[in-house]
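No value in this document is a laboratory result; all are computed from the given coordinates. The shown structure was predicted, so the numbers you read here are calculated from the model rather than taken from an experiment. FYI the Cβ positions are ideal-geometry reconstructions off the backbone, even for glycines, and counts take in every protein chain you see.
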Amino acid sequence: MLAGSSKITKGTSDGRLLMQLRDRAARDPEGFWAEQATLLEWFKVWDTVLDWKPPFARWFVNGLINASYNALDRHLPSKGDKVAIHWQGEQDDERRSITYREMHREVNRVANALKDLGLKRGDRVAIYMPMVPELPIAMLACVRIGAIHSVVFSGFSAGALADRINDSNARLVITADGYHRRGKVINLMENVASALNACKSVEHVIMLNRLGIYGNNGKSNSSISDASYIDWHDMVDRYDGYCEPERVESNEPLFILYTSGTTGKPKGIVHSTGGYLTYANATFRWIFGIRDEDVYFCTADIGWVTGHSYVVYAPMMNATTIIMYEGTPDYPTVHRWFELIERFRATIFYTTPTALRMLMRYNIEYAKVHDLSSLRLLGTVGEPINPEVWLWYYRAIGEERLPIVDTWWQTETGAALIANAAGIEVLPMKPGSASLPLPGIDAAVVDDDGNEVRGKKGYLIVKRPWPGLMLTIWGDDERYKQTYWSRFRNAYYPADYAMVDDDGYFWLLGRADEVLKVAGHRLGTMEVESAIVAHPAVAEAAVVGKVDQIKGESIVAFVVPKQGYAEYSELRHSIIKQVESSLGAIARPEQIYFVSKLPKTRSGKIMRRLLKAIVNDAQIGDTTTLDDEAAIDEVKAVYEELRKKITSD
Ligand code: WTA
């Protein structure tokens, strides 16, 4: 029996409304999705709702639409003066509120400038910016002219940025000089300059002078050439006036967002325009039941998919007022987010289990210390939420008054697939379960052979395409097919474990592949391993996730050094540096163990499963496929020895 499977009932719902909608969607999926699409404004209506050539789905074929028009222009007549973004810098006196009209003006200016630079429909633009309003402005400016943005999380290193620029052949990079992080200045421009040494496709760099790191002349201290450097403000001030939004076909890409998989190379997840927008918009309404007076605070960084769908696109298509915060939740104190909820009278708060676990550690009843009475709904996303943490969220922040929506989804799915649709009606909540698939989502849990199972852990699948489904992996249709559509026949395979209980509720039980979730950030074991083996002293490396009380998982690396490298403490330090410079601090291994061998199968594959069992003190299971049984004992012996050392320190 799973802990915390008792029900908590909120409101008076009996699920009838939701069931009606689910039935309607199941009876006539195309009619149902077409209805959702009409909530957006199209320049021309589609000819065909769905063109399904498995596994490639094309939605609203020949429909013409523009994302920035839907996010901005159509609100101007009635909601132009409504605040789009309450922005708060890490330093408390840095604050801006921007209306939809002002957003529109800025987006048009930037779009005009991009056009003048020769950017065209279909061109790729890499955006590497901190959480400042110019980030969504840059995204909307790109899509206004039909360019495809590829936002790279500002916590990624120069190496990770260069890989992403090169994979998509971006012509332009939009960045900032830097930002504040826990009181320190983080320099982004330095990373851009170093990434560009390895990128041939980039013609221009636009830099927002956020901190004045380089004085008034942004490029003076960097290696970017005069010809390619553009100051954001110089540029924007030169352009004014309207920029006609490009009428793009529904299946032209809106954006690429790179995410980790099981190989060393991140995948460029490509999302469509019409289908993605339709799905993000519909789910936002179903889950949050968004109202005109809402002040919505989603804490996700825009560099990840939650920020794309539920900070930028869905809220803005609904003319929602959002709160955007530059800093971390625990700086200068753990009261920061709650001060912002009070300050801006937030009504919806949407965050991650990692953040909640961190906040919970301080043993503060936040709702007693702060006036959180404006809140009406809480949400969580990104990782499984442990029932204890769910209950703490419910009490210490929600005062047992607020429903919680646990939303399951992935970069690939565009927006949430399994979630309590509180905007339709709040179903009874079970702490730790994301509840039911949303209308139109045909999900199931199956065993190894693809047979549906109940009450038992299995693999989550989705049996029918939905409009938010990715188009493909950038430049690699075959990898898209193999990764998501080959494990089970005619079904999308997200690589998550799940269980369906007797009430049909879904319990998400973590990844079924070698993708890590470290503080909610998605990282591949192979990616981290490639970074480690790039170190000249390393012969081989294996990385696994260790259960972490706060971050969900932390990274543990087993490293086989090359002969002659024995200075372990220095080596450990320089390996960490190596990982930070090729991927970023988020990929830093928490522990590194030096061993002489790694456990492998007869075919030479590293048995990470065994290493994972060792670091998590779990059952090791079947070792018969081990090439050399001594290797696993050896690893275990080294580990035990090191653990003793660590605990005695
Ligand atoms: C995990 C984040 C349990 C899952 C939106 C998925 C979750 C991966 C939940 C995708 C949830 C996301 N409960 N697990 N509510 N939400 N996950 O692409 O393993 O960063 O496959 O998208 O996060 O991570 P991604």
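If each residue's Cβ is checked for other Cβ atoms within 10 Å, how do Met235, Met207 rank with the fewest at the top? Kindly include the intermediate steps, with their values, before the conclusion.
Numbers: Met235 20, Met207 27.
Least crowded to most crowded, the residues run Met235, Met207.
Given the chain, report the % of alpha carbon pairs whose separation exceeds 48 Å. Please list the in-between numbers first.
Details: 23757 of 210276 pairs.
Of all Cα-Cα pairs in the chain, 11 percent lie more than 48 Å apart.
Share of antiparallel DSSP beta bridges in the range 213-344, in percent to the nearest 5? Intermediate results must be reported in sequence, preceding the final value.
On the way: 6 of 8 bridges.
Close to 75 percent.
Hey, can you rank 131-142, 183-194, 21-32, 463-474 by average C-beta count inside 10 Å, highest first? Numbers along the way, then the final one.
Details: 131-142: 26.2, 183-194: 18.7, 21-32: 15.6, 463-474: 23.4.
Listed from highest to lowest mean packing, they are 131-142, 463-474, 183-194, 21-32.
Taking the DSSP beta bridges in the chain as the whole, what percent of them are antiparallel, to the nearest 5? Could you put the intermediate results ahead of the total?
Numbers: 59 of 98 bridges.
So the antiparallel bridges in the chain amount to around 60 percent.
About the Cα centre of the chain, how large is the charge dipole given +1 on each Lys and Arg Cβ and -1 on each Asp and Glu Cβ? Please answer in debye to the nearest 20.
Details: 75 positive and 83 negative charges, 63 e Å.
Here the chain has a charge dipole of around 300 debye.
Sort the following peptides by mean Cβ neighbour count (other Cβ atoms within 10 Å, averaged over residues), highest first: 119-128, 152-161, 407-416. Intermediate values should be presented prior to the final figure.
On the way: 119-128: 21.4, 152-161: 23.1, 407-416: 25.2.
Order by mean packing, descending: 407-416, 152-161, 119-128.
Counting other beta carbons within 10 Å of each Cβ, put Phe344, Phe56, Phe43 in order, fewest first. Intermediate results must be reported in sequence, preceding the final value.
Values: Phe344 21, Phe56 16, Phe43 13.
Neighbour counts put them in this order, fewest first: Phe43, Phe56, Phe344.
Can you tell me the relative contact order of the range 1-96? Whole percent, Cα pairs under 8 Å, sequence separation 6 or more. Display every interim value, and only then the final one.
Numbers: 62 pairs, mean separation 14.3, N = 96.
Once normalised by length, the contact order is 15 percent.
Taking a cut-off of 19 Å between Cα atoms, list the aspartates and glutamates near Lys200, but don't count ones fewer than 8 places away on the same chain.
Asp123, Asp163, Asp167, Glu190, Asp226
Evaluate the relative contact order of the chain (contact order divided by residue number), counting alpha-carbon pairs under 8 angstrom at least 6 apart; express in whole percent. Display every interim value, and only then the final one.
Details: 1391 pairs, mean separation 87.0, N = 649.
With pairs under 8 Å counted, the relative contact order is 13 percent.
Compute the convex hull volume of the Cα atoms of the range 265-358, divide it by the residue count, and report the result per residue in Å³ as a whole number. All intermediate terms of the calculation are to be shown ahead of the outcome.
Details: hull volume 10.8 nm³, N = 94.
Output value, Cα hull per residue: 115 Å³.
Give me the distance in nm between label points sitting 7 Å out from Cα along the Cα-to-Cβ direction at Tyr565 and Gln91, one decimal.
Between Tyr565 and Gln91, the simple spin-label model gives 4.1 nm.
Fewest to most neighbouring Cβ within 10 Å: what's the order for Phe60, Phe594? Can you show the working numbers first?
Numbers: Phe60 29, Phe594 18.
Fewest to most other Cβ atoms nearby, the residues stand as Phe594, Phe60.
Of all GluC sites (Glu not before Pro) in the range 552-612, which ones are in loop regions per DSSP and have a Cβ with at most 13 other Cβ atoms within 10 Å?
Working: sites: Glu553, Glu567, Glu570, Glu580, Glu590; in loops: Glu567, Glu590.
Here the GluC sites (Glu not before Pro) that fit, given the DSSP loop and packing criteria, are Glu567.
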